[in-house]
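Throughout, read-outs are computed from the coordinates displayed, never taken from laboratory work. This one's a predicted model, so the numbers in the text were calculated from it and none came from an experiment. We place every Cβ from the backbone using ideal geometry, glycine too, and count neighbours over all the protein chains shown.
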């Protein structure tokens, strides 16, 4: 190989090296692009998750909305810290009287038309009776105090309160309208909710 041929050969080698160098990937540049693509993907995912969460939160908020009546019929017995939440249909149809340490809930129509002046006269829907001593429902029965239909309400450290139902007719048998109203209210007694110092008693 003469000098000219050697020079041409070296030139060809140089050109080939340059071409090969141009074909070598720019890993730093590609890594940079990959990081940009990854960051863009993450940002898109976060945006999608945020939108999904917001939509889900909105849907959840819509699902748990509970409508609370602006007005509910109730009677408060302050001496024993008891609130009775009554059926709305009872508005204007009942009265509450205290007799010693007990309470009596009346059907107003039957009571007013009754000729009896006895506190335990006609129209009684139920009594709330205070018994001395703290008793559980089981102890109340063991003491033989379940002599009428009743509903255990609550007890304190020194007293027990029981709802008793009357054991005889409390309306005028000759007044069908009065009987119908009384019977309807009597059937709704089980719907009354009792709250003692913010504790709901079914």
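Quick notes on this one:
- Residue 89 paired with residue 159, simple spin-label distance in nm, labels 7 Å along Cα-to-beta-carbon: 3.2
- The mean sequence distance of close C-alpha pairs (under 8 Å, at least 6 residues apart), as a share of the length of the stretch 149-202, puts its relative contact order at 23 percent.
- Relative contact order [Cα under 8 Å, 6+ residues apart], the stretch 74-201, whole percent: 26
- Cβ crowding within 10 Å ranks 142, 73 as 142, 73, fewest other Cβ atoms first.
- Label-to-label distance, nm, for residues given as residue 72 and residue 180 (7 Å Cα→Cβ offset): 3.0
- Both radii were evaluated on the Cα set of the stretch 79-178; the Rg over Rh quotient, with Rh as the Kirkwood radius, amounts to 1.00.
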